[in-house]
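The values are calculated or read from the model by the stated rules, or taken from the named source; none is laboratory data. Not measured: the values here are computed from a predicted model. Reconstructed Cβ throughout: ideal geometry from the backbone, glycine too, with neighbour counts over all protein chains shown.
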Amino acid sequence: MAKGNKNLIGAWAFLIGVILAVLVGLFGDLGSTYWLWALVILGLIVGFFNVKSEEAGKFMTAAAVLVIISYMGQASLNLIPKVGEIFGAMLALFVPATVIVALKTVFTVAKN
């Protein structure tokens, strides 16, 4: 598989994941394990295929902010119907991606 195709897979996984997270938050049942697993798998694909090693620092900073804000938004905006669920769905997408990129970065640093 060419390098461009891997990036394309990750880009599509990211786009589909964000759209799916919003749709699950608005219309779906976030408690459904099928939706959560779909978001987690898309997050893993994003982490594996979408972030190059030279982009890892920027991604980790942005992803950490997204995870923190999504967590805080889920907790504090849960009173507004569906908004807290959207943030929860975003967490299901971004946490696995962040963990994979962090592990890839640690292994790269340890290897060098």
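Take the stretch 28-61 and flag every residue that is surrounded by 13 or more Cβ atoms within 10 Å (Cβ to Cβ), farther than 17 Å from Ile86 by Cα and among the small types (Gly, Ala, Ser).
Listed by number, the residues that qualify are Gly47, Ala56.
If I filter the stretch 55-109 down to residues being out of contact with any Ser or Thr (no Cβ under 6 Å at 6 or more places or on another chain) and of a type in the set (S, T, N, Q), which single residue comes out as modelled with the lowest pLDDT?
For the stretch 55-109, the residue satisfying everything is Asn78.
Looking at the stretch 25-51, which of its residues are under 19 Å from Leu8 (Cβ atoms), in a helix (DSSP H, G or I) and of a type in the set (Val, Ile, Thr)?
Within the stretch 25-51, Ile41, Ile45, Val46 meet the criteria.
Conditions: (1) more than 12 Å from the chain's Cα centre (by Cα); (2) free of Cβ contacts under 8 Å to residues at least 12 places away in the same chain; (3) under 16 Å from Thr105 (Cβ atoms). Asn78 meets all but one. Number of the miss?
For Asn78, the exception is condition (3).
Select from the stretch 52-78 the residues that are farther than 18 Å from Ala92 by Cβ and outside any helix (DSSP H, G or I) and list them in ascending order.
Lys52
Just the residues that are more than 19 Å from Trp37 (Cα to Cα) and among the acidic types (Asp, Glu), please, taken from the stretch 53-112.
Once the filter is applied, which keeps residues that are more than 19 Å from Trp37 (Cα to Cα) and among the acidic types (Asp, Glu), the stretch 53-112 yields Glu54, Glu55.
Among the residues of the stretch 85-100, is any without any contact (Cβ under 8 Å) to a residue 40 or more places away in the chain and either exposed (fewer than 15 other Cβ atoms within 10 Å of the Cβ) or not in a helix (DSSP H, G or I) (or both)?
no
Among (1) out of contact with any helix residue (DSSP H, G or I) (no Cβ under 8 Å at 6 or more places or on another chain); (2) of a type in the set (A, V, I, L, M, F, W, C); (3) assigned to a loop (DSSP other than H, G, I, E, B), where does Ile19 come up short?
(3)
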